[in-house]
1. Please give the FRET efficiency for Glu140 paired with Val116, using the beta carbon to beta carbon distance and R0 = 35 Å, rounded to the nearest 0.05.
2. Could you compute the net charge surrounding Ala351? Neighbours are other residues with a C-beta less than 13 Å from the C-beta of Ala351; K and R count +1, D and E count -1.
3. If each residue of separation counts as 0.36 nm, what is the full-extension length gain between Glu471 and Lys235 once their alpha-carbon separation is subtracted?
4. Relative to the present Cα-Cα distance, how much length would full extension add between Arg317 and Asp399 at 0.36 nm per residue of separation?
5. Would you please put 463-476, 378-391, 264-277 in order of how densely packed they are, using the mean number of other Cβ atoms within 10 angstrom per residue and starting with the highest?
6. Residues of region 130-144 with the amide nitrogen closer than 18 Å to a label point 7 Å from the Cα of Glu82, along Cα-to-Cβ, please.
7. Distance cut-off 18 Å, Cα to Cα: go down the list Lys78/Lys138; Lys88/Lys143; Lys45/Lys208; Lys208/Lys246 and report the pairs above it.
8. In terms of the Cα gyration tensor, with a ≥ b ≥ c the square roots of its eigenvalues, is region 197-279 rounded because a/c is under 1.5, prolate because a/b exceeds b/c, or oblate?
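Please treat every number below as a calculation from the coordinates, not as lab data. Since the structure is predicted, the reported quantities are computational estimates derived from the model, not experimental observations. Glycine also receives a Cβ, built like all others from the backbone with ideal geometry; neighbour counts cover every protein chain displayed.
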Amino acid sequence: MNSVKRITLAALATLMVLAGGHSLPAQEATPIAIQGVPASATRIKITLAPEGNSAGPQGYYRYGQVTSYRERQSMLDKIPAEVSSLLKNKDAFVFQLGEFPGGTTYYAAVSPDNSVNRLDRDASQLWYIQMICASEGKAEVVKEGVAMNSDVRVPVRVTLPKVGVNPFTFDSSIGLQISGSSNGRPTVQATRGVAPVLQGSHVLEVGKLNVSVTLDDESNYTTASTITLNFSPFKVGLPDRSASGKPTDILTLGGARLAATEMAADFSSITLAVLDGSLEEDAAQQLALGAEMPNFSQIDLLARKPVTRADVLEQAREEGTATVFVFGDFRVDPRNYMPPQQTTGYLPVGADQITSLLLAEVPQKPAVYFVVREISMEDYFGKYAADELPYHLVADYTDPLRTTFRMPPSPYGGYGGFSGGYPGGGASMTLRQLFNLPEGTCSLVAFDASGKVIHVMASLNGDQFTGALGELNKLLIATLAQPSEKTKKKR
């Protein structure tokens with residue numbers, strides 16, 4: 001962590017371990033700020049307060065390889081004498097699990113336990129573990145006993161006497177996980193419990209900007225911390241926008257670009273600068289009833305040719321009907337496939353069933369476009385190979401090479417793999433972004449023949465999706481009940 005800039009908690013005075021308390025001295029704070037932000041950029045200062053202790057010691061755990069002093073013989077002299085004196089087995093493998101501000105350090109001494117004549121498996125998989133806490137030249141064993149290849153942790157209570165003006169105590173943990181052994185030496189990973197989260201909000205004329213700051217594992221504000229922004233428009237029907245990144249990242253929140261320029265030394269506030277765009281203008285541009293269909297050019301994965309806004313509206317005007325976009329990916333059997341990182345929602349049913357529910361009893365059948373980021377090769381060369389389908393399959397990525405193609409499982413066993421783009425690896429612009437729809441969910445958007453939004457449901461989970469299809473179906477029946485003039489002339 002030497003390469004990570006940090007603000008240590010100037011107000012951090014005590015670290016309470018449930019097995020015994022330890023006092024930590026306060027440390028001076030050094031602000032982190034993005035340099036070179038124009039003075040003309042709009043600043044938003046947001047007051048922060050602790051989120052509360054909702055996760056507790058059973059929260060998430062950060063896994064990272066730790067240093068084994070026993071495996072590296074030249075480092076044996078680096079084990080503090082006060083720790084070495086507590087070892088029941090002087091040949092134990094000693095690991096440093098982590099260090100808290102002020103010098104409090106946790107160690108784990110791990111050695112094979114052969115005291116039990118086990119019949120079910122190799123006795124080397126049974127380990128005797130001592131969890132040791134050391135601070136200011138003193139050490140104590142806070143937990144010890146026998147464990148197999150499993151997670152062992154010590155609860156830790158951290159008290160921040162002052163975040164702004166309020167004291168804050170949260171429960172976390174530190175520990176280790178033994179995942180096996182190699183040549184008699186245990187494979188150990190350190191685990192760390194929840195870090196404190198600070199939250200705040202700022203109300204604009206058109207919506208509410210929420211900010212969440214997750215401190216690092218040692219309760220410091222560093223370049224490894226996480227800032228999450230969420231903008232919720234007040235106008236009904238407009239989707240939320242969210243962005244997340246490190247304190248030194250530039251965050252894109254819809255059509256606005258923001259950066260964190262200052263964190264108060266006592267964590268009581270954070271200042272954001274709007275580098276480009278505007279949250280107010282972005283809210284006005286987001287899809288809502290009556291809004292215009294954005295310009296786009298995507299690839300039809302089945303026809304293998306571009307499809308544009310002009311193409312879609314030309315077809316809708318000629319047929320006197322509407323156009324429906326369904327955003328989401330189709331599920332695959334998790335027993336057969338290992339899915340890639342997923343940033344969109346999975347549709348609860350297949351394309352045929354969705355299309356059937358959407359178009360039931362609709363007099364002028366709308367064009368249905370499924371917007372996907374991944375596609376099964378089995379389906380592509382199977383059911384999608386039909387001459388005529390009642391729907392289109394469009395790549396969400398403007399660069400279709402970012403589309404993930406799922407390969408079928410090997411006949412010799414194993415999961416089916418995937419090839420193509422990785423959503424987190426420099427993915428290009430998407431139709432979802434052009435439509436200003438949120439990530440990680442399914443969405444339904446319908447346009448009339450003139451390109452105006454007549455229906456939008458930006459955030460749907462699996463339980464809501466079927467009901468949303470029925471609602472849109474009723475709207476399409478009512479809207480398209482009267483044929484257009486062009487349709488009358490054709491008849």
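1. 0.85
2. Cβ neighbours under 13 Å give a net charge of -1.
3. On the way: separation 236, 0.36 × 236 = 84.96 nm, distance 2.06 nm.
Difference between extended and current length: 82.9 nm.
4. Net length gain for the segment: 26.7 nm.
5. Numbers: 463-476: 16.6, 378-391: 12.2, 264-277: 18.2.
Descending packing order for the listed peptides: 264-277, 463-476, 378-391.
6. Only 131-143 pass the distance filter.
7. Working: Lys78/Lys138 15 Å; Lys88/Lys143 13 Å; Lys45/Lys208 13 Å; Lys208/Lys246 21 Å.
Going by Cα-Cα distance, Lys208/Lys246 fall outside the 18 Å limit.
8. On the way: a/c = 2.04, a/b = 1.79, b/c = 1.14.
Prolate is the answer for region 197-279, as a/c is 1.5 or above and a/b outweighs b/c.
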